[in-house]
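Chemist: Mind looking over this structure? Questions follow.
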Amino acid sequence: MVHGTHNAVADDRNNNIKIYINGEFFKREDAKISVFDSGYLVGDGIWEALRLHKGVLVFLEDHLQRLWMSAASVGMTFPFTKKELTQTIWNVLNENNMRDHIHVRIMITRGIKKTPSQDPRLTVSGPNVVIIPEYKQASKESKEKGITLFTSTVRRGSPDYLDPRLNCHSKLHEVQALIQAIEAGADEALMLDINGFVSTCNATNFFIIKNNEVWTSNGQYCMNGITRAKVIEACRKNGIACHQKNFSLFDVYGADEAFVTGTFGGLTPVTKIDGRQIGEKAYGDMTRKLSALYNDLIEEAIANGT
């Protein structure tokens with residue numbers, strides 16, 4: 001059985017969702033896109049994922065800002081504004097009559113190519129926009145159990161050739177890292193940066209707790225995680241020491257607790273890394289506290305409608 005940070009409670013309603021593709025809605029089994037799509041041909045696309053809680057798209061502005069930054073980074077121009085895309089997202093949610101515990105994936109590629117090629121000048125359409133909304137509630141059982149990590153030999157790259165902060169469709173190196181971890185018997189992969197310091201995981205950001213202090217990477221070689229930023233914000237608001245710094249596996253193996261963060265799962269505890277037990281509990285006290293503080297930020301966002 002697959003176990004990891006994206007474990008969700010089974011929901012049969014997902015069999016009948018309507019998926020948005022370029023202004024039209026399709027049943028799950030009919031949602032298709034051309035083989036000449038830039039994302040399929042060369043991974044030339046960007047994406048964003050966000051959550052709908054109690055009728056509110058939580059931290060929406062943060063997600064939109066990250067999406068627009070990604071577009072600027074790859075030289076992609078959108079034929080719509082943030083306001084227009086937001087309305088489109090709501091159209092998709094309303095079409096599916098969705099209000100709570102929803103995960104929304106937005107994928108935007110450069111468009112259809114005239115012929116298989118990397119050259120963006122051979123794109124013959126506007127951007128392809130796909131929005132997939134799903135009923136996805138994180139499994140509480142999986143969170144209580146925690147996950148195990150294996151340190152992959154696949155490194156997080158340098159910003160001068162593929163900035164790790166970019167949410168792009170080119171994810172093969174992360175898949176390679178995850179495959180290594182799975183073959184080693186772990187749930188997900190821990191990845192180092194080009195200097196050998198701990199960076200992030202294949203799909204989530206990584207934190208450790210040492211002497212009631214929160215440590216995470218310096219941010220230069222890790223994903224631009226919004227949940228990561230919210231945890232750092234929660235620490236600041238509540239007087240908890242939080243350091244963005246370089247640290248190595250030496251520090252990790254001796255950590256009191258460890259956890260990962262992501263839009264879908266929030267905070268998920270880490271129980272073992274490279275076969276070594278981390279801390280005395282599957283779900284450490286500080287990790288629980290931070291998870292509660294993160295949930296407080298979500299509730300605050302819901303109350304403010306943002």
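Chemist: Just one of the numbered conditions (1) in contact with a Gly (Cβ under 9 Å, 6 or more places away or on another chain); (2) in contact (Cβ under 8 Å) with a residue 40 or more places away in the chain; (3) not assigned by TED's automatic domain parsing to the domain that holds Asn202 is not true of Pro116; which one?
Modeler: It fails just one condition, (1).
Chemist: So if I check each of Gly75, Gly39, which one is touching a His at 6+ places or on another chain (Cβ under 7 Å) and closer than 17 Å to Thr123 by Cβ?
Modeler: From the options Gly75, Gly39, the qualifying one is Gly39.
Chemist: Also: For the stretch 97-109, check the following and say yes or no: at least one residue is part of a helix (DSSP H, G or I), at pLDDT 95 or above and among the basic types (Lys, Arg).
Modeler: no
Chemist: Need pairs with beta-carbon distance below 8 Å; first residue without any contact (Cβ under 8 Å) to a residue 40 or more places away in the chain and within the stretch 121-134, second part of a strand (DSSP E or B); sequence gap 6+ or separate chains.
Modeler: If the second residue must be part of a strand (DSSP E or B), the pairs left are Leu122/Lys113; Val124/Ile112; Val124/Lys113; Ser125/Ile112.
Chemist: In the stretch 57-79, how many are outside any helix (DSSP H, G or I), surrounded by fewer than 14 Cβ atoms within 10 Å (Cβ to Cβ) and not β-branched (Val, Ile, Thr)?
Modeler: Quick first cut of the stretch 57-79, residues outside any helix (DSSP H, G or I) only: 57-59, 75-79.
Now restrict to residues that are surrounded by fewer than 14 Cβ atoms within 10 Å (Cβ to Cβ): 75, 77, 79.
With not β-branched (Val, Ile, Thr) added as a condition, the list becomes 75, 79.
Total satisfying the criteria: 2.
Chemist: Any residue at all in the stretch 269-276 that is within 25 Å of Lys54 (Cβ to Cβ) and surrounded by fewer than 18 Cβ atoms within 10 Å (Cβ to Cβ)?
Modeler: Within the stretch 269-276, none of the residues are within 25 Å of Lys54 (Cβ to Cβ) and surrounded by fewer than 18 Cβ atoms within 10 Å (Cβ to Cβ).
Chemist: Restricting attention to the stretch 190-199, does a residue exist that is assigned by TED's automatic domain parsing to the domain that holds Lys171, over 23 Å from Thr271 (Cβ atoms) and out of contact with any Ser or Thr (no Cβ under 9 Å at 6 or more places or on another chain)?
Modeler: Yes, the stretch 190-199 has at least one match.
Chemist: Pairs under 7 Å by beta carbon, first residue in contact (Cβ under 8 Å) with a residue 40 or more places away in the chain in the stretch 35-50, partner assigned to a strand (DSSP E or B) and among the basic types (Lys, Arg), six or more apart or different chains?
Modeler: Filtered contacts from the stretch 35-50: Phe36/Lys113; Ser38/Lys113; Leu41/Lys113; Trp47/Arg105; Ala49/Arg105.
Chemist: For the stretch 118-160, give me each residue that is hydroxyl-bearing (Ser, Thr, Tyr), closer than 19 Å to Trp47 by Cα and surrounded by fewer than 17 Cβ atoms within 10 Å (Cβ to Cβ).
Modeler: Listed by number, the list holds a single entry, Ser125.
Chemist: Also: Does any residue of the stretch 282-305 turn out to be out of contact with any strand residue (DSSP E or B) (no Cβ under 7 Å at 6 or more places or on another chain), part of a loop (DSSP other than H, G, I, E, B) and farther than 24 Å from Lys136 by Cα?
Modeler: The answer is no, given that none of the residues of the stretch 282-305 is out of contact with any strand residue (DSSP E or B) (no Cβ under 7 Å at 6 or more places or on another chain), part of a loop (DSSP other than H, G, I, E, B) and farther than 24 Å from Lys136 by Cα.
Chemist: Quick one: would you say Thr261 is assigned to a strand (DSSP E or B) and either over 20 Å from the mean Cα position of the chain (by Cα) or not acidic (Asp, Glu) (or both)?
Modeler: Values: assigned to a strand (DSSP E or B): yes; either over 20 Å from the mean Cα position of the chain (by Cα) or not acidic (Asp, Glu) (or both): yes.
Spelling it out, Thr261 is indeed assigned to a strand (DSSP E or B) and either over 20 Å from the mean Cα position of the chain (by Cα) or not acidic (Asp, Glu) (or both).
Chemist: Does Ile179 fit the bill of being in a strand (DSSP E or B) and either of a type in the set (Lys, Arg) or under 27 Å from Asp44 (Cβ atoms) (or both)?
Modeler: Here the answer is no, as Ile179 does not meet what is asked.
Chemist: Take the stretch 139-167 and flag every residue that is touching a Gly at 6+ places or on another chain (Cβ under 7 Å) and at pLDDT 95 or above.
Modeler: Listed by number, the list holds a single entry, Ile147.
Chemist: Next up: I'd like to know if the stretch 198-208 contains one or more residues that are touching a Leu at 6+ places or on another chain (Cβ under 9 Å), in a loop (DSSP other than H, G, I, E, B) and closer than 23 Å to Leu162 by Cβ.
Modeler: Taking every residue of the stretch 198-208 in turn, at least one turns out to be touching a Leu at 6+ places or on another chain (Cβ under 9 Å), in a loop (DSSP other than H, G, I, E, B) and closer than 23 Å to Leu162 by Cβ.
Chemist: Being in contact with a Gly (Cβ under 8 Å, 6 or more places away or on another chain), within 22 Å of Gly284 (Cβ to Cβ) and either surrounded by fewer than 20 Cβ atoms within 10 Å (Cβ to Cβ) or of a type outside the set (S, T, N, Q) (or both) is the filter here, so list the residues in the stretch 181-209 that pass it.
Modeler: Once the filter is applied, which keeps residues that are in contact with a Gly (Cβ under 8 Å, 6 or more places away or on another chain), within 22 Å of Gly284 (Cβ to Cβ) and either surrounded by fewer than 20 Cβ atoms within 10 Å (Cβ to Cβ) or of a type outside the set (S, T, N, Q) (or both), the stretch 181-209 yields Asp187, Glu188, Ala203, Ile209.
Chemist: State whether one or more residues within the stretch 139-154 are more than 18 Å from Asp251 (Cβ to Cβ), basic (Lys, Arg) and in contact with a strand residue (DSSP E or B) (Cβ under 8 Å, 6 or more places away or on another chain).
Modeler: Within the stretch 139-154, one or more residues are more than 18 Å from Asp251 (Cβ to Cβ), basic (Lys, Arg) and in contact with a strand residue (DSSP E or B) (Cβ under 8 Å, 6 or more places away or on another chain).
Chemist: Go through the stretch 181-219 and report how many residues are under 20 Å from the mean Cα position of the chain (by Cα) and not small (Gly, Ala, Ser). It would help to see each step written out before you state the result.
Modeler: At the first step, the residues of the stretch 181-219 found to be under 20 Å from the mean Cα position of the chain (by Cα) are 181-182, 186-193, 198-208, 215-219.
Checking the rest, the ones that are also not small (Gly, Ala, Ser) come to 182, 187-188, 190-193, 198, 200-202, 204-208, 215-216, 218.
The total comes to 19.
Chemist: Moving on. Output the number of residues of the stretch 210-251 satisfying the condition of being in a helix (DSSP H, G or I) and surrounded by 15 or more Cβ atoms within 10 Å (Cβ to Cβ).
Modeler: 11
The values are calculated or read from the model by the stated rules, or taken from the named source; none is laboratory data. What you are looking at is a predicted structure, and each value in this text was computed from that prediction instead of being measured. As a convention, Cβ positions derive from the backbone with ideal geometry for all residues, glycine included, and neighbour counts pool all protein chains shown.
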